[in-house]
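To start, the structure under review is shown below, and the notes come after it.
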Amino acid sequence: MNVLETEYENPFFCHHIEKENPDARFDFTRWWDPRRFNWTYSSFLAKYFSNHFEIWWNPESFNWRSCAALTRYCRRDFAVWWDPEKFHWNTRTVRLLTKHYGVFLDTWWDSARFPWKTDTGYLVRELSHRFDTWWNEDKFPWGTMFCNVPVEHMLVKYCSKYLPVWYSSEGFHLSEAICNLLKTECGDFKELWAKDYLLYRLSK
């Protein structure tokens with residue numbers, strides 16, 4: 001295999017030419033050839049050449065299995081590359097969306113595509129201030145755990161200001177831990193939960 005083929009097979013090689021030997025002055029624009037590039041390695045473009053995004057980006061050629069790298073390293077070009085139909089809505093990529101793209105929630109939010117069972121915790125923790133946008137009582141995964149914490153506990157802790165919305169949900173049930181959280185996190189709405197709290201305590 002000659003050097004040129006090696007370069008096109010693995011752009012990581014070119015990254016190291018530039019990183020380890022600055023005098024080589026690797027010129028991406030001269031090297032880049034979309035017809036010869038092996039798009040299997042799309043993630044390397046996103047990771048090492050995000051500053052050349054406008055040169056290499058091609059939504060039809062890009063390997064969308066690499067959209068996690070795209071989401072992580074090409075944030076400034078989100079408006080250009082975002083495509084909900086091609087985007088892979090898996091735990092890793094959605095975690096990056098909720099962490100880095102909250103300001104664009106109105107653009108990417110899709111209740112039908114969002115992986116509620118695995119990623120709701122990220123919504124609650126990272127985007128509680130956008131509760132009104134993403135809240136869906138029917139899709140909320142009641143009774144599940146996120147990082148070993150019940151999602152209901154997270155709801156009480158991070159979304160306490162929205163208690164009037166979620167407290168009456170059919171999936172929400174009191175427990176010893178939730179009663180303690182209500183006392184510490186939701187004092188402003190005590191009139192809504194105090195009676196239920198007392199009845200729960202008396203039943204034990």
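None of the figures in this text is laboratory data; all of them are computed from the coordinates on show. These figures come from a predicted structure and were not determined experimentally. Glycine gets a Cβ as well: all are built from the backbone with ideal geometry, and neighbour counts include every protein chain shown.
Here each label is just a point 7 Å from Cα along the line to Cβ, and for Lys139 and Ser169 those points are 1.2 nm apart.
Database remark: amide H of Phe146 closer than 5 angstrom to the amide H of Val151 (H placed geometrically; neighbours at sequence offset of 5 or more, or on other chains; Pro and chain starts carry no H). Divide the volume of the convex hull around the Cα atoms of region 47-119 by the residue count and you get 84 Å³ per residue. Here the translational diffusion coefficient of the chain follows from Stokes-Einstein with Rh set to the Kirkwood radius across Cα pairs; for 20 °C and 1.002 mPa s it amounts to 107 µm²/s.
Computed over region 89-204, the convex hull of the alpha-carbon atoms projects to a mean area of 7.2 nm². Between the residues Ala112, Leu198, Tyr101, the greatest Cα displacement towards the positive end of the dipole of region 89-204, with unit charges on the Cβ of Lys, Arg, Asp and Glu, is found for Tyr101.
Across region 78-174, C-alpha contacts under 8 Å between residues 6 or more apart give a mean separation that, scaled by the residue count, equals a relative contact order of 24 percent. With the simple spin-label model, which puts each label point 7 Å out from Cα in the Cβ direction, the Lys157 to Asp132 separation comes to 2.6 nm.
The charge dipole of the chain, taken about its Cα centre with unit charges on the Cβ atoms of Lys, Arg (+1), Asp and Glu (-1) only, comes to about 540 debye. Report the FRET efficiency, 1/(1 + (r/R0)^6), for Asn180 and Trp39, where r is their Cβ-Cβ distance and R0 is 45 Å, rounded to 0.05. Efficiency for this residue pair is about 0.25. Under 21 Å of direct C-alpha separation, and excluding same-chain neighbours fewer than eight residues apart, Lys157 reaches these lysines: Lys99, Lys117, Lys139, Lys183, Lys190, Lys195. Length available on full extension from Asp83 to Lys190: 0.36 nm per residue minus the Cα-Cα distance, which gives 34.2 nm.
Applying 1/(1 + (r/R0)^6) with r as the Cβ-Cβ distance of His100 and Thr29 and R0 = 25 angstrom yields a FRET efficiency of 0.35. Once the Cα-Cα distance is subtracted from the 0.36 nm per residue extended length, the Leu202 to Arg92 segment shows a gain of 35.2 nm.
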